[in-house]
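Some notes on the structure that comes next.
The values are calculated or read from the model by the stated rules, or taken from the named source; none is laboratory data. These numbers come from a predicted model, not from an experiment. Heads up, the Cβs are rebuilt from the backbone with ideal geometry, glycines too, and the neighbour counts pull from every protein chain shown. For the accessible areas, the whole protein counts, side chains as well, though only heavy atoms, and no ligand, DNA or RNA atoms are used. Shrake-Rupley method; radii C 1.70, N 1.55, O 1.52, S 1.80 Å.
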Amino acid sequence: MEINRCRIIDLPKITDARGNLTFAEGGRHVPFDLRRVYYLYDVPGGAERGGHAHRALHQLIIAVSGSFDVLLDDGHEKRTFHLNRPYAGLYVCPMIWRELNNFSSGSVCLVLASNVYDEADYFRDYTEFLEAKGIQS
Ligand code: TYD
């Protein structure tokens, strides 16, 4: 199952009385080469993000502030991850449908991605996503 490839990756945490520090290096902590960073912020209560899958994109999703839930679905199995630690990244492999919700007030969702933005890489229709995987809806 592809969903078994999705997992929490613990990032280094340098604890310091002046404030903690976490970093992520491509090829070492991140299991793909980084080509883009983006972040979601000012998410209003009750809002949902995601609602799509990617053909080839690899991502690492981090709750750098606050918390939210990430529902992953490979067409066969669904799994929900509650992200609430700035030193834990959720690795999401290609061909996984994802939905993000339950954002806490002031939360920030940082995403490290393996490629630049390309709308052609998206499945925005769930039925189309299942069809591409050879699953009957
Ligand atoms: P989308 O990926 O649908 O947001 P999310 O999955 O996080 O809810 O993107 C929302 C809009 O932002 C869409 O019009 C495409 C644009 N966008 C970019 O231009 N560059 C990017 O890197 C991303 C992630 C989105």
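Among residues of the range 112-123 being surrounded by fewer than 18 Cβ atoms within 10 Å (Cβ to Cβ) and out of contact with any Leu (no Cβ under 7 Å at 6 or more places or on another chain), the one that is nearest to residue 35 (Cα to Cα) is 116. Residue selection: residue 92 satisfies the criterion of being within 21 Å of residue 124 (Cβ to Cβ), touching a residue at least 60 places away in the same chain (Cβ under 8 Å) and open to solvent by less than 50 Å² (accessible area, probe 1.4 Å). Return yes when residue 55 is away from the ligand (no atom under 13 Å from the Cβ), of a type in the set (Lys, Arg) and under 20 Å from residue 3 (Cβ atoms) and no when it is not. The answer is yes for residue 55.
Pairs meeting the criteria (first residue in the range 118-129 and closer than 16 Å to residue 50 by Cβ, second residue open to solvent by 70 Å² or more (accessible area, probe 1.4 Å) and away from the ligand (no atom under 13 Å from the Cβ), beta carbons under 6 Å, at least 6 apart or on different chains) are 121/55.
Taken as a whole, the condition of being assigned to a strand (DSSP E or B) and either open to solvent by 40 Å² or more (accessible area, probe 1.4 Å) or within 25 Å of residue 15 (Cα to Cα) (or both) applies to residue 79.
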